[in-house]
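Q: This structure is in structure tokens; I'll ask about it shortly.
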Amino acid sequence: MKFGLVFVIIAILIALCQPQITFSGAVSGLNIWFFQLLPTLLPFMILSNILLSDPVQEYIFARMSPLRAKKIRILFAVLAGLTFGLPIGAKMAKDLYQKNLIDAREGQILLNHCNLIGPSFVGSYVLTKKLDLPDLFGISLLLLYLPHILCLVCFFSKKEATTEQKIHITSYGKTTRKATPRLRNCFQILNVAIMNGFETITILGGYLILFGIFCAFVKEIQFLPTGLRACILAFLEITIGIHEISILEISGMVKYLCAIPLLSFGGLCTAMQTWSVCMGAPFSMRNYIKERLLFALISGLLTICLLYTSDAAD
């Protein structure tokens, strides 16, 4: 605790002594938030808030058995996490746990393996705009997502086969048949969903601004090799780091090899954003970071194997 306080004080003093660097870093983080994160994530956050609201859940799952309803909720969380991009997966895992729809272990698994970089970011920003390798979009998704999907399938298949499902019976998960309820107060549901979405996206923007400042100071460290500095920046904040990797004077496939494991990890900024989203749930961030580092290594090894086999075929 004392070390953390000392670090914060030192960081504030450095920022005050270098206002130009601090300003440029804050602007960089703010631009990423406003032009990329806000338009891509906010609509999906609002949609997920609507779908997970009690009246909508009551309407959708009123005539389903608890087991079937739970499977559909988990499948939706997986698809949302893999499709919309992080931290949607973390938010879905937390919301499902807090509504007693999944247990803590299932929430941790969803957090570890569904909270991933979105395919739109990989395809448009990374492969097309920065690396100029749009043809590798399909194989990139396999390298990034397939190991996580296999872990999810193994975990939930094994749990279903070896243990009796323990499902919390909630007001919208009862086994008795009842008439399908009507949705009431639709505007109230929408207002709450929008407010919660803006609250979450604002917190994420704060972390982006802070890490934008960190990255601006890292760029000023001149004794670091250019390649190492680019990888450090990507480890801190993935958007800024991928840009730095893209301007390195190395071949496109080497840039690709550097980018894939860093994309799999997601960066410390996204880890902090995930932690902020998951506050209040008993999920282990240490376990999350260990898993992300492990799967970043796996994605990197798979990429090396891909490049090696491609060179051998040529």
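Q: I'd like to check something: does region 156-177 contain any residue that is surrounded by 14 or more Cβ atoms within 10 Å (Cβ to Cβ), at pLDDT 85 or above and under 28 Å from ALA296 (Cα atoms)?
A: no
Q: Here is a list of conditions, (1) touching a residue at least 40 places away in the same chain (Cβ under 8 Å); (2) over 20 Å from GLY267 (Cβ atoms), and LEU51 meets all of them except one; can you say which number that is?
A: (1)
Q: Follow-up. Taking the criterion of being open to solvent by 50 Å² or more (accessible area, probe 1.4 Å), under 20 Å from LEU144 (Cβ atoms) and out of contact with any strand residue (DSSP E or B) (no Cβ under 7 Å at 6 or more places or on another chain), would at least one residue in region 102-110 satisfy it?
A: no
Q: While we're looking at this one, here's another question. Among the helices (runs of 4 or more DSSP H) contained in region 9-98, which hold 3 or more residues that are aromatic (Phe, Trp, Tyr) and open to solvent by 50 Å² or more (accessible area, probe 1.4 Å)?
A: none
Q: Go through region 257-283 and give me each residue that's more than 18 Å from ALA234 (Cβ to Cβ) and open to solvent by 50 Å² or more (accessible area, probe 1.4 Å).
A: TRP275, MET279, GLY280, PRO282
The values are calculated or read from the model by the stated rules, or taken from the named source; none is laboratory data. On a predicted model such as this, the values are computed, not experimentally measured, just so you know. Reconstructed Cβ throughout: ideal geometry from the backbone, glycine too, with neighbour counts over all protein chains shown. For the accessible areas, the whole protein counts, side chains as well, though only heavy atoms, and no ligand, DNA or RNA atoms are used. Shrake-Rupley method; radii C 1.70, N 1.55, O 1.52, S 1.80 Å.
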